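To start, the structure itself, in structure tokens.
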Amino acid sequence: MTQSTTPARAAAPTAGIFSAHYLVMTLGTTALVFLTAFESLAVTTVMPVVSADLGGRDAYATAFAATLAASVLGMVAAGGWADRRGPGRPLLTALAVFCVGLLAAALAPSMEVFVAARFLQGLGSGGISVTLYVLVALAFPPNLRPAVFGAFAAAWVLPSLVGPSLAALVAQAFSWHWVFSGVLVLVLVAAAAVLPTLLRVRPTATTTDRFPRSRFLAAAGVATAVVALSSATSTGGWRWPLAVLALVVLVVSVRPLLPAGTLTAHRGMPATVLLRGLLAATFFSTEVYLPLMLHERFGLELWAAGATLTAAAIAWAAASAVQGRLGARLPHSRAVRTGTVLLLVGVVVQAVVAAATPAPLVAVVVSAAGWFCAGAGMGLSFPRTTVLVLEQSAPGQEGAGSAALTICDAAGGGTAMALTGLAFAAFGAVSAWAGFAGTLPLCVVFAVLALLAARRVSGGASQPVHR
């Protein structure tokens, strides 16, 4: 895949990303990253209220899995479009789809409509993430791009600090509908800030590659399989046959999108990509149930339950900064293995809390401490998987390696949420206690698999990404 680029307009050597020349563009793109991150965390926090209001407890996990599955489709479609025509139209289209999804969620009269809205949000957010990177390459000179991506990283951390509690307060003071409505208005403002640059920036050349139809069809297969897997809970006696069929389709569809040997954890890049997917699967499939468990099982207010997510975000940011400062003094293999062990410990703590039913105050403190540990593990391991893939990619295939990493991230998280949704529905039919006590051990299994994959991660010679 050939990336279309053109030098950004020359600026004074001392100009930074917040100089007059780049200020509007920096604020607009960073705001879009901030708002997509805020929306993701806000949904995790208010979902207990949404599912109760819309009577959609059985579709609780589907609302998350559908978004991640759709993001894979959005990434592939927008990436191919941006390579051929530049980032303007695909970014505007992705923004429009994301906004339609937000509006549909705010007005959703039923859980089915809400899940469909979340699917649209995933399509849009996946397209936004890919095309924003292309836009940065076109609008900023090379010496400023690290600063831009540093701002993007901060834009992901900040919503973690304020998003969960703010979304909960809005939902309690007004309604959960206003969470989506508020984000919609802010996205439109941020899009208006980016629009002038989109109209001005033109690539000097476009790739002659055809639209990657085979990759698009494979991504569509992944999205369809994940949604079908997460929706199997509502199919009665056909639940398990449908789940098995969806898993088969998922494996067949995702293989062409990943490096050869990924699903069998071949040493090197395949194991690294698989580890990234398993890390996402473990962390996010556990996190979506924490506010629900603390709210329903232990009577915690939504804003306080959301604070547990904030604890993990603080630990993630701090550990990420530590591993960055240590650099080569902390070998990649040690970083990912230590991080994966910490994640495993954090998930085991949640499973123990769910099964032991301690006093509410004890449950909150122990759960928050455990999730802080899990966040630290993600901060150590997640950045190093990106570095490893870039180091292990053959020259000229760094973009393809990064795309495979992101796709496995989203597909792994979506699949894990679908599987935990099946478990939650099955055990939840017995009792509310059994729903959590039976589901969180499955997240522990994901963490153990991640640890096994981490043991296969190592540096090595560059290697081709696709077959």
Subset of region 261-275 (residues that are open to solvent by 10 Å² or more (accessible area, probe 1.4 Å), out of contact with any Lys or Arg (no Cβ under 6 Å at 6 or more places or on another chain) and of a type outside the set (S, T, N, Q)): G261, L263, H266, L274
Residues being touching a residue at least 12 places away in the same chain (Cβ under 8 Å) and either more than 21 Å from D409 (Cβ to Cβ) or among the aromatic types (F, W, Y) (or both): count how many of those fall in region 64-90. 7
Going through (1) closer than 12 Å to G379 by Cβ; (2) within 21 Å of the chain's Cα centre (by Cα) one by one, A311 fails only at (1)
Could you tell me which residue of region 410-447 is least open to solvent (accessible area, probe 1.4 Å), considering only residues that are out of contact with any helix residue (DSSP H, G or I) (no Cβ under 6 Å at 6 or more places or on another chain) and without any contact (Cβ under 8 Å) to a residue 12 or more places away in the chain? S431
Would region 171-184 turn up any residue that is at pLDDT below 80, in contact with a helix residue (DSSP H, G or I) (Cβ under 9 Å, 6 or more places away or on another chain), of a type in the set (F, W, Y) and open to solvent by less than 30 Å² (accessible area, probe 1.4 Å)? no
Right, A319: under 21 Å from V170 (Cβ atoms) and surrounded by 23 or more Cβ atoms within 10 Å (Cβ to Cβ) or not? no
Identify the residue in region 117-146 that is open to solvent by 50 Å² or more (accessible area, probe 1.4 Å) and touching a residue at least 24 places away in the same chain (Cβ under 8 Å) and, among all such residues, is farthest from A82 (Cα to Cα). F119
When region 20-75 is examined, which residues are found to be more than 24 Å from S160 (Cα to Cα) and open to solvent by less than 10 Å² (accessible area, probe 1.4 Å)? Y22, G56
Report whether or not L138 is in contact with a helix residue (DSSP H, G or I) (Cβ under 9 Å, 6 or more places away or on another chain), modelled with pLDDT under 80 and closer than 30 Å to A106 by Cα. no
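Table: residues versus (1) at pLDDT 85 or above; (2) more than 22 Å from L294 (Cβ to Cβ).
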{"residue": "V366", "(1), (2)": "yes, no"}
{"residue": "W371", "(1), (2)": "yes, no"}
{"residue": "A374", "(1), (2)": "yes, no"}
{"residue": "V389", "(1), (2)": "no, yes"}
{"residue": "L405", "(1), (2)": "no, yes"}
{"residue": "G412", "(1), (2)": "yes, yes"}
{"residue": "T420", "(1), (2)": "yes, no"}
{"residue": "G428", "(1), (2)": "no, no"}
{"residue": "S431", "(1), (2)": "no, no"}
Criterion: more than 30 Å from T386 (Cβ to Cβ), among the β-branched types (V, I, T) and free of Cβ contacts under 8 Å to residues at least 12 places away in the same chain - qualifying residue of V189, V113: V113
Residues that are modelled with pLDDT of 85 or more, open to solvent by 10 Å² or more (accessible area, probe 1.4 Å) and of a type outside the set (D, E, K, R): does region 80-93 have at least one? yes
For residues in region 333-350 being open to solvent by less than 30 Å² (accessible area, probe 1.4 Å) and over 14 Å from G370 (Cα atoms), which is farthest from the chain's Cα centre (by Cα)? A335
On the given criteria, is T272 touching a residue at least 12 places away in the same chain (Cβ under 8 Å), closer than 27 Å to P358 by Cβ and either over 16 Å from the mean Cα position of the chain (by Cα) or part of a loop (DSSP other than H, G, I, E, B) (or both)? no
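The values are calculated or read from the model by the stated rules, or taken from the named source; none is laboratory data. Predicted model only: the values in this text are computed from it and were never measured. We place every Cβ from the backbone using ideal geometry, glycine too, and count neighbours over all the protein chains shown. The accessibility values were calculated without ligands, DNA or RNA, using every heavy atom of the protein model including side chains. Shrake-Rupley method; radii C 1.70, N 1.55, O 1.52, S 1.80 Å.
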